[in-house]
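The values are calculated or read from the model by the stated rules, or taken from the named source; none is laboratory data. Treat the numbers as computed from the prediction; the structure is a model and nothing was measured. Positions of Cβ are generated from backbone atoms using ideal geometry, with glycine treated the same way; all protein chains shown enter the neighbour counts. For accessibility, only protein heavy atoms count, side chains too; no ligands or nucleic acids. Shrake-Rupley method; radii C 1.70, N 1.55, O 1.52, S 1.80 Å.
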Amino acid sequence: MHAPAKPAPESELPADASPEELDRHWYNHVYQGDSQPQLTLRAVLVGGVLGMFMSLSNLYTTLKLGWAFGVAITACVLSYVLWNGLRGLSGGRLSRMSLLENNCMQSTASAAGYSTGGTVGTAFGALLLTTGMHQPWYVLGSMVLLTALLGVLLAIPMKRQMINHEQLPFPSGIAAAETLRSLYAQGLTAMHKAWSLLISLAVGGVVGFLRTAGALTEQLRHTGRPQVWLEGLLRTVGIPESLALPAWLQTWRGVGLAGFAFEPSVLLIGAGMIVGLRVSLSMLAASAVLYFGLVPWLMEHDQAHAGVAGYVPSLTASHGMVNPVRWALWGGTAIMVFSSLTSVALQWPTLVRAFRAAKGSRAGSGDQDPLTRIEVPFSWLIIGALPVGLALVMVQWMAFHISLPLGILAVVMSLLVALVCCRATGETDTTPMGAMGKVTQLVYAMMPGAAGNATINLMSAGMTAAAGASASDLLTDLKSGYLLGANPRKQFIAQFCGVFFGTLAIVPAWYALVPDRAALEAFNPPAANMWKAVCDLLTQGVHMLPHTAIVAMVVGAAIGVALPVLEKLLPKARPYLPSAMGLGLGLVIPFQNGLSFALGAAVAVLWGKMRPKSAETFCIPVASGLVAGESLVAAVIAILCTVAGFWAR
């Protein structure tokens with residue numbers, strides 16, 4: 001059992017304890033839901049507002065980096081700091097929140113900040129790139145809200161089996177629980193940890209402002225209201241978007257390479273600290289091979305075949321610059337897709353256990369089960385899933401012309417995707433949202449009435465993947481509550497409320513950050529590009545691609561299959577093998593992103609070597625603060641730029 005809130009003697013719980021013994025032991029020795037406040041109005045409101053801001057941060061990182069970061073640890077620390085700050089401003093008139101109230105606030109913030117944005121920056125982004133048109137706000141809002149609610153409901157039958165009985169670790173859930181315990185513990189360590197996150201949050205915000213405020217001044221100049229003081233400040237201490245590397249490295253045959261620079265972004269450095277050295281070095285290695293090895297070869301290859309009729313060049317120069325990522329996207333996508341699918345295939349026992357778990361997920365019977373009154377009843381799944389599922393089917397039919405049978409299939413597949421995502425997250429702390437989305441795309445590419453239709457392909461996959469990601473994120477929060485002795489029924493209600501807060505924030509933020517396709521393309525969004533690439537491949541074929549891109553896909557597929565197989569066959573060699581996801585991502589993002597990731601990972605490793613105790617305590621809070629601070633400020637400035645642009649019109 002993982003670090004219970006009130007540890008009991010080991011003799012009270014045998015190693016081969018039955019599920020009933022595990023439940024009774026937890027109820028007698030860990031459960032605290034009746035002895036302190038938990039689901040309070042202030043906890044839900046403060047957590048919901050905090051989650052709204054965190055959803056902006058994750059939307060921005062999804063557009064910029066291609067993924068959203070789990071917010072459990074950041075939410076628990078920020079919620080603690082935020083409420084105690086409000087207490088200080090009130091002169092002590094506000095009482096201190098209990099540990100379980102803070103956990104409830106964290107659950108609400110996490111549901112709002114992570115569970116509501118999965119389809120926005122990926123599937124809806126890919127659809128915008130494909131059609132060139134935004135979906136109406138009521139369509140976007142309905143899909144975001146309903147898929148997140150479906151994920152919350154699908155977590156019900158899995159919570160008791162995976163968390164209570166199987167004791168799956170859910171590492172981020174354990175980390176969040178330990179963080180909350182440390183914040184409520186007496187001593188300097190708790191205070192230092194909170195202050196480290198706050199300071200790094202401020203540093204990230206300042207860097208984000210100095211890097212992106214120039215765009216706001218440019219927009220204000222167009223409105224006829226230039227801010228002289230702001231322009232003067234940025235001229236003095238402004239940080240450029242990127243710093244060009246030496247010219248003798250940047251060009252080949254007089255052609256510059258887009259993205260070959262150093263990006264002074266603490267967001268990317270903080271992300272590298274979280275992701276780790278293996279993935280970050282894999283990203284940098286893939287980018288280096290692309291920029292230093294493949295690009296010169298591709299340029300020579302294009303020149304040699306320039307006169308061949310019907311030849312499609314691999315690299316097309318624009319204003320003297322070429323963007324290698326536009327070609328490498330195909331190989332990188334193949335690596336990520338096939339490695340994810342291979343990993344899922346190699347975990348077939350997980351899928352079998354997930355189906356078996358659903359059979360045993362009902363609450364125990366009668367008065368003999370002490371958890372009956374506090375666990376979420378299975379009937380809530382039926383009562384909630386039927387109207388939510390029906391609403392999703394109707395939205396898909398009316399908005400995207402997805403037939404009723406195909407819509408029902410998507411809802412049913414959401415359960416399969418959620419089962420796999422939750423178990424994978426519980427065992428490895430990695431949610432295969434992208435891989436499971438690709439499974440849905442493959443299925444729908446073969447379905448009558450859906451083959452060749454990009455909208456159906458993207459929206460069905462976006463729905464199932466978002467529901468799976470939402471369910472796995474909520475189980476991570478429920479793991480924290482389980483360790484802290486929280487009432488799971490009250491925590492479920494807090495998570496349910498959080499979805500509404502997140503939807504209120506993410507829908508207008510999407511239109512403000514991305515007013516049109518050109519604005520989205522300016523982000524060069526890796527996740528949306530990957531979803532679109534797979535959709536194009538499955539609905540249009542590969543005849544429009546350069547021959548070298550097809551070769552890259554074949555090689556990428558082989559690498560994507562080989563690496564997970566090697567990891568399975570040679571588990572001891574895994575730390576020394578490159579990360580398949582890192583290699584694929586390194587081909588999808590510019591060189592400057594991979595360089596910053598690697599620098600951040602190196603900083604974390606050096607910190608751990610030189611000051612191991614300090615790094616163990618502060619590395620994750622500091623990195624999380626840098627990521628959240630810069631991304632939040634950058635998102636706000638991007639929204640202000642959009643507002644200023646409309647003002648100028």
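Could you tell me how many of the residues in segment 20-65 are crowded, with 24+ Cβ neighbours inside 10 Å and assigned to a loop (DSSP other than H, G, I, E, B)?
Of the residues in segment 20-65, 1 are crowded, with 24+ Cβ neighbours inside 10 Å and assigned to a loop (DSSP other than H, G, I, E, B).
Among the numbered conditions (1) modelled with pLDDT of 90 or more; (2) part of a loop (DSSP other than H, G, I, E, B), tell me where residue 543 comes up short.
Result: residue 543 fails condition (1) only.
Please indicate, with yes or no, whether at least one residue in segment 428-440 is under 28 Å from residue 374 (Cβ atoms) and either among the hydroxyl-bearing types (Ser, Thr, Tyr) or assigned to a helix (DSSP H, G or I) (or both). Steps first, please.
Start the filter on segment 428-440 by keeping residues that are under 28 Å from residue 374 (Cβ atoms), which leaves 429, 431.
Remaining after also requiring either among the hydroxyl-bearing types (Ser, Thr, Tyr) or assigned to a helix (DSSP H, G or I) (or both): 431.
Yes, some residue in segment 428-440 is under 28 Å from residue 374 (Cβ atoms) and either among the hydroxyl-bearing types (Ser, Thr, Tyr) or assigned to a helix (DSSP H, G or I) (or both).
Within segment 610-642, take every residue that is of a type in the set (S, T, N, Q) and modelled with pLDDT of 80 or more and give me the one that is surrounded by the most Cβ atoms within 10 Å (Cβ to Cβ).
Ranking the qualifying residues of segment 610-642, first place goes to 617.
Would you be able to say whether some residue in segment 502-524 is assigned to a helix (DSSP H, G or I), over 17 Å from the mean Cα position of the chain (by Cα) and closer than 24 Å to residue 180 by Cβ?
no
Of the conditions (1) closer than 30 Å to residue 23 by Cβ; (2) touching a Leu at 6+ places or on another chain (Cβ under 7 Å), residue 124 clears all except one; give me its number.
Of (1) closer than 30 Å to residue 23 by Cβ; (2) touching a Leu at 6+ places or on another chain (Cβ under 7 Å), only one is false for residue 124: (1).
Which helices (runs of 4 or more DSSP H) does segment 113-174 wholly contain that include 2 or more residues that are farther than 20 Å from residue 63 by Cα?
Of the helices (runs of 4 or more DSSP H) lying wholly inside segment 113-174, those with at least 2 residues that are farther than 20 Å from residue 63 by Cα span 137-154, 156-159.
Any idea which residue in segment 589-609 is modelled with the lowest pLDDT, counting only those that are among the polar types (S, T, N, Q) and in contact with a Leu (Cβ under 7 Å, 6 or more places away or on another chain)?
Going through the qualifying residues, I end up with 593.
Could we say that residue 508 is open to solvent by 30 Å² or more (accessible area, probe 1.4 Å), under 18 Å from residue 143 (Cα atoms) and not small (Gly, Ala, Ser) here?
For residue 508, the condition - open to solvent by 30 Å² or more (accessible area, probe 1.4 Å), under 18 Å from residue 143 (Cα atoms) and not small (Gly, Ala, Ser) - is met.
Which number in (1) touching a Ser or Thr at 6+ places or on another chain (Cβ under 8 Å); (2) open to solvent by 50 Å² or more (accessible area, probe 1.4 Å); (3) in contact (Cβ under 8 Å) with a residue 24 or more places away in the chain marks the one condition that residue 521 misses?
In the conditions (1) touching a Ser or Thr at 6+ places or on another chain (Cβ under 8 Å); (2) open to solvent by 50 Å² or more (accessible area, probe 1.4 Å); (3) in contact (Cβ under 8 Å) with a residue 24 or more places away in the chain, residue 521 misses (1) alone.
Among the residues of segment 547-559, are any outside any helix (DSSP H, G or I), in contact (Cβ under 8 Å) with a residue 60 or more places away in the chain, open to solvent by less than 40 Å² (accessible area, probe 1.4 Å) and more than 30 Å from residue 109 (Cα to Cα)?
Within segment 547-559, not a single residue is outside any helix (DSSP H, G or I), in contact (Cβ under 8 Å) with a residue 60 or more places away in the chain, open to solvent by less than 40 Å² (accessible area, probe 1.4 Å) and more than 30 Å from residue 109 (Cα to Cα).
Picking from 110, 182, which residue would you name as being part of a helix (DSSP H, G or I), open to solvent by less than 30 Å² (accessible area, probe 1.4 Å) and over 29 Å from residue 526 (Cβ atoms)? Reasoning before the result, please.
On the way: 110 fails: over 29 Å from residue 526 (Cβ atoms).
Among 110, 182, only 182 is part of a helix (DSSP H, G or I), open to solvent by less than 30 Å² (accessible area, probe 1.4 Å) and over 29 Å from residue 526 (Cβ atoms).
What pairs come up if the first residue lies in segment 161-179 and is among the charged types (D, E, K, R), the second is in a helix (DSSP H, G or I) and crowded, with 17+ Cβ neighbours inside 10 Å, and their beta carbons are under 8 Å apart, counting only those six or more places apart or on different chains?
Hits for this filter: 166/357; 166/426.
With 86, 100, 65 as the choices, which residue is at pLDDT 80 or above and either touching a strand residue (DSSP E or B) at 6+ places or on another chain (Cβ under 7 Å) or under 30 Å from residue 512 (Cβ atoms) (or both)?
Matching residue, one of 86, 100, 65: 86.
Within segment 114-151, track down each residue that is surrounded by fewer than 24 Cβ atoms within 10 Å (Cβ to Cβ) and either touching a Pro at 6+ places or on another chain (Cβ under 9 Å) or over 19 Å from residue 508 (Cβ atoms) (or both).
129, 130, 131, 132, 134, 137
If a residue must be over 26 Å from residue 372 (Cβ atoms) and open to solvent by 10 Å² or more (accessible area, probe 1.4 Å), how many such residues does segment 474-504 contain?
So the answer is 4.
Do we find a residue being in a helix (DSSP H, G or I), at pLDDT 85 or above and open to solvent by 10 Å² or more (accessible area, probe 1.4 Å) anywhere in segment 412-424?
Yes: segment 412-424 contains one or more residues that are in a helix (DSSP H, G or I), at pLDDT 85 or above and open to solvent by 10 Å² or more (accessible area, probe 1.4 Å).
List the pairs whose first member sits in segment 588-608 and is within 16 Å of residue 262 (Cα to Cα), whose second member is among the charged types (D, E, K, R) and open to solvent by less than 20 Å² (accessible area, probe 1.4 Å), and whose Cβ atoms are under 9 Å apart, counting only residues at least 6 apart or on separate chains?
What qualifies is 590/263; 592/263; 593/263; 595/263; 596/263.
Which numbered condition in (1) assigned to a helix (DSSP H, G or I); (2) over 21 Å from residue 245 (Cβ atoms) is the only one that residue 578 fails?
(1)
Given the residues 230, 245, 234, 281, which is the only one that is modelled with pLDDT of 85 or more, surrounded by 15 or more Cβ atoms within 10 Å (Cβ to Cβ) and not aromatic (Phe, Trp, Tyr)?
281
Would you confirm, using the coordinates I've provided, whether residue 203 is open to solvent by 40 Å² or more (accessible area, probe 1.4 Å) and part of a helix (DSSP H, G or I)?
Answer is yes for this residue.
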